[in-house]
Structure formats: C-alpha cells, structure tokens
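What follows is a single structure, written as structure tokens, with notes after it.
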Amino acid sequence: MTEARLAHELWQVIQGEDWVLTANTLKEWVHKVWDFDKPYRHVGRELGTGTQIGISIGVALAHKGTGKLVIDLQPDGDLMFDLGALWTPIKYNIPMLIVMYNNRAYYNDWAHQIHMAHQRGTDPARAYIGMDLEGPPPDFAHIAKGIGWYAEGAIEDPAEIGPAVKPIQGNMFMKNPGSPGTSPRIGFQSSVPLTMAGQTRSSRTEARAGTTC
Ligand SMILES: Cc1ncc(C[n+]2csc(CCOP(=O)(O)OP(=O)(O)O)c2C)c(N)n1
Ligand SMILES: [Mg+2]
C-alpha cells in the first residue's frame, strides 16, 4: 500500500466531514489529495519522534465538543515512544480518529543509518538493527483495544480502509466504555501496514537514502 493510496481511500470517507488533520502529511500526499479549504484543517507538522501522539491528543482536546472529526495519521515508531498516551483520550473522553501509518520501521532513522553506512564503509545490510518494527510487528489495534479504544486492523488491503473507517460517518461511532453519556464521536483506530511501495527489508537496506533525522 502506498501513501498515495492511503490518502485517497481516507479522503473518500472523510470529505463530507468537518475534519481536522493533527499532523503528518503522508509524505505530502494529503496535500495533493485532500482539499484543505479552511485554515483549521491542518495544525502543522509533527516534531521529533514521540511527539505526534501527544500533539494530536492536544489538538483533539482543543476541538472537543465542536463536532469536528480530528484525525491523527499516526506513525508506528512515534507511537512506540509513547504508547501510554493512548489512555488519555479514553480517560478524558477526547474524541479522535487515529489511522496508523505503519511502515513497520523507525524508517527515517533507518534511512539515516543506511546513509551513514555508505559514508563510513560499513555494511548497510546491518542498518535495520534497532530500526525495524517487524518480527513481530506490534499489533496496534490489539493494544488500543486493551486500553479501551474501538479498533480495527491491521489492514493490508487498501480496499478495506473505507469500510473500516466508515463508522465515523453519521455519528455512528462506537461507545467509549470508559466515558458514558458523552460525545458520539469516540476514538477509532485503524492499523494500516504500509510497505512503502512494495519495499521489503532487503530492498530498504539496498536503498540509498539521504534523509536526515
Ligand atoms: C526524540 C527523538 N528521538 C529520536 C529521533 C530520531 N528519529 C528521527 S525519525 C525516527 C523514526 C521515526 O519512526 P516513525 O515515527 O515510525 O516514522 P517513519 O520514519 O517510519 O515514517 C527517529 C528515531 C528523533 N527525531 N526524536
Ligand atoms: Mg514508521
């Protein structure tokens, strides 16, 4: 599944909503595919690893009670730094939609390790060490359910994204077990493994990447 396809499938579902994107632009694909027609649609980019989940919950808190659909396109590595943050929206009934952007990697850093291996003449095939999130991949939907979220996934077929996210339409959100009698728009998490345009571990390792941390 590519970032472009994920952006497209999500847009089919959310375009009728009054939505807010908290951070992350799917390698800029949301700017190409989604219509940012109001100033509040996007708050800005994420910061260092481990910051996006907290920023996103803060944005969702700011919009609580407005009826807006707050969406966090959440990278896996960022969430691994602060999994406990998932408890806060449940505890304080902060409605939001998290769609996992799983590439099963701390990929930005992995690319940096590949770059540095080429610089230093060390083996780029070892760059994955400490950088991949496979063997086993964290089951984020399972983790989220354990904390009280309604969750689906992991989703590998892009055609399944729409049906998984569809309950957000028409206020059909699932009940939040921790927060009776509150907003109808409650958390929903869809876990979407991305292989970055068909890359495998070896092709990632082969790729010459020049990104920075
Ligand atoms: C606090 C902090 N620790 C480490 C880093 C180095 N770093 C930059 S990107 C990255 C991995 C991010 O992984 P993920 O959130 O899954 O995003 P991806 O690059 O895979 O899309 C790391 C560890 C950082 N930016 N900030
Ligand atoms: Mg990642």
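The values are calculated or read from the model by the stated rules, or taken from the named source; none is laboratory data. Just so it is clear, the structure is predicted and the values come from calculations on it, not from any experiment. Note: ideal-geometry Cβ built from the backbone for every residue, glycine included; neighbour counts use all protein chains shown.
Selection of the range 47-63 for residues being in contact (Cβ under 8 Å) with a residue 24 or more places away in the chain, assigned to a loop (DSSP other than H, G, I, E, B) and more than 15 Å from ligand 2 (Cβ to nearest atom) yields only 63. Scanning the range 31-71 for residues that are within 16 Å of ligand 1 (Cβ to nearest atom), more than 25 Å from residue 5 (Cβ to Cβ) and at pLDDT below 90 yields a total of 2.
Scanning the range 122-137 for residues that are farther than 14 Å from residue 77 by Cα and of a type in the set (Ser, Thr, Tyr) yields one hit, 122. The residue of the range 26-37 that is nearest to residue 63 (Cα to Cα), among those that are touching a strand residue (DSSP E or B) at 6+ places or on another chain (Cβ under 9 Å) and away from ligand 2 (no atom under 16 Å from the Cβ), is 36. On the stretch given as the range 40-57, residues that are under 14 Å from residue 21 (Cβ atoms) and among the small types (Gly, Ala, Ser) total 2. Checked against (1) under 30 Å from residue 62 (Cα atoms); (2) modelled with pLDDT of 85 or more, residue 117 passes all but condition (1). Here residue 170 meets the list (1) in a helix (DSSP H, G or I); (2) modelled with pLDDT under 85; (3) under 22 Å from residue 24 (Cα atoms) almost entirely, failing just condition (3).
Yes or no, residue by residue, for (1) under 22 Å from residue 140 (Cα atoms); (2) free of Cβ contacts under 8 Å to residues at least 24 places away in the same chain:
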position: 5; (1), (2): yes, no
position: 30; (1), (2): no, no
position: 36; (1), (2): no, yes
position: 41; (1), (2): no, yes
position: 67; (1), (2): no, no
position: 98; (1), (2): yes, no
position: 111; (1), (2): no, no
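Run down 105, 159 and say which single residue is modelled with pLDDT of 85 or more, hydrophobic (A, V, I, L, M, F, W, C) and within 13 Å of ligand 2 (Cβ to nearest atom).
Numbers: 159 fails: within 13 Å of ligand 2 (Cβ to nearest atom).
Step by step, each of 105, 159 is checked, and only 105 is modelled with pLDDT of 85 or more, hydrophobic (A, V, I, L, M, F, W, C) and within 13 Å of ligand 2 (Cβ to nearest atom).
Identify all residues within the range 11-25 that are surrounded by 15 or more Cβ atoms within 10 Å (Cβ to Cβ) and out of contact with any strand residue (DSSP E or B) (no Cβ under 6 Å at 6 or more places or on another chain); write none if there are none.
Within the range 11-25, the subset surrounded by 15 or more Cβ atoms within 10 Å (Cβ to Cβ) is 11, 13-14, 17, 19-25.
11, 13, 14, 23, 25 - these are the residues of the range 11-25 that are surrounded by 15 or more Cβ atoms within 10 Å (Cβ to Cβ) and out of contact with any strand residue (DSSP E or B) (no Cβ under 6 Å at 6 or more places or on another chain).
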